[in-house]
Amino acid sequence: MTASAHTTARLLIVGPQGSGKGTQGLRIAEAFGIPEVSTGDIFRANIKAGTELGKQVTAILDAGDLVSDELTGALVSDRLSQPDAEDGFLLDGYPRNAAQVQHLNEILAAQGTSLDVVIQLDVPREESIARLNLRSAEQGRSDDTPEMIAHRLDIYEAQTAPILEAFGARGIVERIDGVGGLDEITERIFAALAARGIVRTAAV
Ligand code: AMP
């Protein structure tokens, strides 16, 4: 048997905008050798490249609204069927509402798999707003204006936070305190995953 360079893990990271889930998600994906699948990143890359999909979603992202479940679901289904996602992935930004949870269940059930762990990154609204204002100043993202920030956090609280209940009922949610230093938070996540038997393997 050859040494494995990755760990099988089907993970989802959920947290409000500004919780640091993008940063933490990347770190985890890298550590486990699994692809990070971020729907927001996929949409932004398409907008930047001027693709047909990008043109379809530009106004929606600028308004801080959600892209249709149909379009987003098709995108995720396609991405998760690619060979690099066969043994695991870290989803960031999908699912974001109850309909998307249902669709993801179906996508994974068709593969005979399911999510292993949902990482819930807890950050108070005030802290999220402060971090997003900072990111706005640094990166100039078009959906990071104060109004858009508030709008996206409202959508998160109304539609996304409730999906955690369904995952909680399955016993797969790990709630992580998202306030603290970046490394400290990464370590909290690794510790929670390790407690569920998901550990990093040495790369070969
Ligand atoms: P994010 O980077 O995850 O905050 O996503 C940025 C934007 O992409 C969101 O405000 C939505 O317009 C769109 N988006 C990302 N993921 C989804 C999703 N699962 N469903 C619908 N729209 C999404």
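The values are calculated or read from the model by the stated rules, or taken from the named source; none is laboratory data. Owing to the predicted nature of the structure, the values given are computational and were not obtained by experimental measurement. As a convention, Cβ positions derive from the backbone with ideal geometry for all residues, glycine included, and neighbour counts pool all protein chains shown. SASA here: full protein model, heavy atoms, side chains in, ligands and nucleic acids out. Shrake-Rupley method; radii C 1.70, N 1.55, O 1.52, S 1.80 Å.
Flag: Thr39 does not match the condition of being among the β-branched types (Val, Ile, Thr) and more than 7 Å from the ligand (Cβ to nearest atom).
Quick one: how many residues across the range 73-100 are over 24 Å from Thr23 (Cβ atoms) and either at pLDDT 95 or above or among the β-branched types (Val, Ile, Thr) (or both)?
Taking the range 73-100 as the starting set, the residues that turn out to be over 24 Å from Thr23 (Cβ atoms) are 73-74, 77-78, 81, 83, 86, 98-99.
Subset that is either at pLDDT 95 or above or among the β-branched types (Val, Ile, Thr) (or both): 73-74, 77-78, 81, 83, 98-99.
Count: 8.
Considering only residues in the range 116-130 that are charged (D, E, K, R) and touching a strand residue (DSSP E or B) at 6+ places or on another chain (Cβ under 6 Å), the one that is surrounded by the most Cβ atoms within 10 Å (Cβ to Cβ) turns out to be Asp116. When the range 152-175 is filtered for residues that are more than 17 Å from Gly64 (Cα to Cα) and among the charged types (D, E, K, R), the ones remaining, listed by number, are Glu165, Arg170, Glu174, Arg175.
Can you spot a residue in the range 48-58 that is in contact with a Gly (Cβ under 9 Å, 6 or more places away or on another chain) and in a helix (DSSP H, G or I)? Don't jump to the end; show me each part of the working.
First, pick out the residues of the range 48-58 that are in contact with a Gly (Cβ under 9 Å, 6 or more places away or on another chain): 48.
Restricting the remaining residues to those that are in a helix (DSSP H, G or I) gives 48.
Checked the range 48-58: at least one residue is in contact with a Gly (Cβ under 9 Å, 6 or more places away or on another chain) and in a helix (DSSP H, G or I).
Each row is one residue, and each column tells you yes or no for (1) of a type in the set (Ser, Thr, Tyr); (2) near the ligand (Cβ under 8 Å from one of its atoms); (3) more than 26 Å from Thr8 (Cα to Cα); (4) open to solvent by less than 30 Å² (accessible area, probe 1.4 Å).
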| position | (1), (2), (3), (4) |
| --- | --- |
| Glu52 | no, no, yes, no |
| Gln56 | no, no, yes, no |
| Ile60 | no, yes, yes, no |
| Gly64 | no, yes, yes, yes |
| Ala74 | no, no, no, no |
| Ser77 | yes, no, no, no |
| Ser81 | yes, no, no, no |
| Asp87 | no, no, no, no |
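Applying the selection to the range 169-204, what residues are surrounded by 12 or more Cβ atoms within 10 Å (Cβ to Cβ), without any contact (Cβ under 8 Å) to a residue 40 or more places away in the chain and closer than 19 Å to Leu90 by Cα? If the condition is that a residue be surrounded by 12 or more Cβ atoms within 10 Å (Cβ to Cβ), without any contact (Cβ under 8 Å) to a residue 40 or more places away in the chain and closer than 19 Å to Leu90 by Cα, then Glu187, Arg188 are the ones that fit.
Residues in the range 131-146 that are open to solvent by 50 Å² or more (accessible area, probe 1.4 Å) and either in contact with a strand residue (DSSP E or B) (Cβ under 9 Å, 6 or more places away or on another chain) or in contact (Cβ under 8 Å) with a residue 40 or more places away in the chain (or both): Arg131, Arg135, Ser142.
Restricted to the range 25-38, and to residues there that are in contact with a helix residue (DSSP H, G or I) (Cβ under 6 Å, 6 or more places away or on another chain) and under 13 Å from Gly93 (Cβ atoms), the residue that is surrounded by the fewest Cβ atoms within 10 Å (Cβ to Cβ) is Glu36. Within the range 59-74, residues that are farther than 24 Å from Glu106 by Cα have Cβ atoms under 6 Å from residues that are more than 6 Å from the ligand (Cβ to nearest atom) and open to solvent by 30 Å² or more (accessible area, probe 1.4 Å) in these pairs: Asp62/Ser142; Gly64/Met148; Gly64/His151, counting only partners at least 6 apart in sequence or on another chain.
If I go through the range 95-115 residue by residue, how many of them are polar (S, T, N, Q), more than 10 Å from the ligand (Cβ to nearest atom) and either assigned to a loop (DSSP other than H, G, I, E, B) or open to solvent by less than 10 Å² (accessible area, probe 1.4 Å) (or both)? Qualifying residue count, the range 95-115: 2. For first residues located in the range 33-48 and closer than 19 Å to Ile13 by Cα, partners that are within 11 Å of the ligand (Cβ to nearest atom) and acidic (Asp, Glu) and lie 6+ apart or on another chain with Cβ distances below 8 Å form the pairs Glu36/Asp92; Val37/Asp92; Ser38/Asp92; Thr39/Asp92; Gly40/Asp92; Asp41/Asp92. Screening Leu66 with (1) out of contact with any Leu (no Cβ under 8 Å at 6 or more places or on another chain); (2) more than 24 Å from Thr201 (Cβ to Cβ); (3) part of a helix (DSSP H, G or I) gives one miss only, at (3).
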